[in-house]
Amino acid sequence: MRINGLQAGFTLAEIMVTVAIVGILGLVGTNLVSSAYKAWRLSEARTEAQRDARTTLTLMQKFVKQASAASLAMDSLNASEPPYSRLQFSTPGGDVYQFYQQQGAVVMARTPVSGTATTTVLAKNLRYMAFSYANTNQPNLVNVATCFEVKTLSAQSKDFFMSLEKIEIENP
């Protein structure tokens, strides 16, 4: 059919070519979007794990430096937590601090000489934390090892960030 000398409608071949091109673009676009989302989520998870580790270690360093070296005790909170996943100490002023792993979180507990005890969750997504002496003949050096795990996609999870910090205690 012609309207004002122009042909109206499409041929079967034109429609088939258009459908094929749209299908190919759809497949490529879906894979591209899926890959971009996976990369973005992986980067976001890595950033979250690094932030948690940095925050945790910075706060630990701030408070552990103030400890009395003779008051240090390393153990675990309970039998379900890893060995040496709790560090307990007192400061020269008499405040008692604990850093420990509890159900995938890093917890700081503080009991001041006068006042009530407070407990703060410093970070979640903790896979493992351990305390040890850096050297047996130097009780003023403490190692803190952490491993954070962040979920990336669906039920998958991945270990992203492991860190080791050496903290020097300033009080004998």
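Each value in this text was obtained by applying a stated rule to the coordinates, not by laboratory testing. On a predicted model such as this, the values are computed, not experimentally measured, just so you know. Cβ sites come from the backbone with ideal geometry, for glycine too, and all protein chains shown count toward neighbours.
Points to keep in mind about this one:
- When the helices of the chain are scored as -39500 (n - 2.57) per DSSP H run of n ≥ 4 and the total is divided over every residue, the value at 222 nm lands at -11500 deg cm²/dmol.
- Likely footprinting exposure, 106, 96, 144, fewest C-beta neighbours within 10 Å first: 96, 144, 106
- The slack in the chain from residue 33 to residue 143, taken as 0.36 nm per residue of separation less the alpha-carbon distance, amounts to 35.3 nm.
- The fewest-to-most ranking of 142, 17, 107 by surrounding Cβ atoms within 10 Å reads 17, 107, 142.
- Contour excess over end-to-end distance, with Cα ends at residue 42 and residue 65 and 0.36 nm allotted per residue: 4.9 nm
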